[in-house]
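Input: a single structure, listed below in structure tokens.
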Amino acid sequence: MNILLKLLVGRELAESEALLAEIAQSAPQPIKKTCEYLVANRGVRLLTAITAGRMCGLRGKRLSRLAASFELIHLAVLAHDDVIDAAPIRGGKPTPNLLWGNASTVLAGDFLIAEAAALLAGESNQRILQMHGKTARDTIEGALLERGTKGNPRIGEKEYLGMISKKTATLISSAFRVAAAAAQAPPEKEERLAEFGRLFGMAAQINDDCLDYAPGRGYGKKRFMDYLNGIPTLPLIKALENCSPRERKILESGFGKNNGSSAALRAARIKERKDGINY
């Protein structure tokens, strides 16, 4: 983290990190290691709510609790996603389901969601509580939408964008919105921050989807996992729009068939030629 950003959000960031560590350490013994691992390997999502809150004048422990509660939802969603997708790697490290099994990982995710709600038990603003609950629901709906498209390589760009807007984008957008609401920011500022968060979240998801086809260069993601698991993403959608019938047959032949990467490698080359990545 650069010095300027640390000066801006350092206090609340440290408080949020301490809250997450405390919650993980308080987990029941059978899932304690899993929770500690999830919390220790988190990303930078804490910064979203903290930065938005500071931009609107909110400071202190209330902002720290809000940020930590959204990060707990995010970590739970990632844990459940890894189980559903049977993912062995995330962020260049083994997933908790690979280390401790599916049951422990699912229960750890459930525990983190419960703790996210508990963190806001003292929140007096009912609108914030409602938005927090809606965020959890929307992220689950996003996961269900993704499961509904699994195995179907011919979904359109509009359907894809609608699907990803319900996952990471919803989480980041809501974190910005709630922080602004807690700071009693003007409605127009709250809307602008929420929209920025939505677009930022969608951009992050599209970037992650492109990395599925990138050569192994330390991105922390096992190559071709989305393709072999039958998860349609934007690079595939755009390549299918631009390719010949023969190339389309090649792309679709290996999609969702987790039996090796030879078809996936051919698919990646077609995507590169047909601007599936560059788009």
Has the stretch 151-166 got any residue that is in contact with a Pro (Cβ under 7 Å, 6 or more places away or on another chain) and among the hydroxyl-bearing types (Ser, Thr, Tyr)?
yes
Quick check on this structure: which one of Gly201, Gly162, Gly230 is under 29 Å from Thr95 (Cα atoms), surrounded by fewer than 18 Cβ atoms within 10 Å (Cβ to Cβ) and free of Cβ contacts under 8 Å to residues at least 60 places away in the same chain?
Gly162
Subset of the stretch 92-140, residues crowded, with 18+ Cβ neighbours inside 10 Å and assigned to a loop (DSSP other than H, G, I, E, B), comes to Thr95, Leu120
Going by the conditions given, is Val77 closer than 26 Å to Gln130 by Cβ, in contact (Cβ under 8 Å) with a residue 12 or more places away in the chain and not small (Gly, Ala, Ser)?
yes
For the subset of the stretch 25-43 comprising residues that are over 14 Å from Pro96 (Cα atoms) and at pLDDT 95 or above, which member is surrounded by the fewest Cβ atoms within 10 Å (Cβ to Cβ)?
Gln29
The one condition Leu193 fails out of (1) more than 19 Å from Leu75 (Cα to Cα); (2) surrounded by fewer than 17 Cβ atoms within 10 Å (Cβ to Cβ) is (2)
For the stretch 68-76, does any single residue satisfy the condition of being polar (S, T, N, Q), over 30 Å from Ile237 (Cα atoms) and surrounded by 13 or more Cβ atoms within 10 Å (Cβ to Cβ)?
yes
Between Lys167, Lys150, which is surrounded by fewer than 21 Cβ atoms within 10 Å (Cβ to Cβ) and in contact (Cβ under 8 Å) with a residue 40 or more places away in the chain?
Lys150
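Yes/no per residue for (1) closer than 25 Å to Glu22 by Cα; (2) modelled with pLDDT under 90:
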{"position": "Ala86", "(1), (2)": "no, yes"}
{"position": "Trp100", "(1), (2)": "yes, no"}
{"position": "Ala103", "(1), (2)": "yes, no"}
{"position": "Ile113", "(1), (2)": "yes, no"}
{"position": "Leu144", "(1), (2)": "no, yes"}
{"position": "Arg147", "(1), (2)": "no, yes"}
{"position": "Glu157", "(1), (2)": "no, no"}
{"position": "Leu161", "(1), (2)": "no, no"}
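The values are calculated or read from the model by the stated rules, or taken from the named source; none is laboratory data. Only a predicted model underlies this, so the values are computations on that prediction, with no experimental measurement involved. All Cβ positions, even for glycine, are placed from backbone atoms using ideal geometry, and neighbour counts span all protein chains on display.
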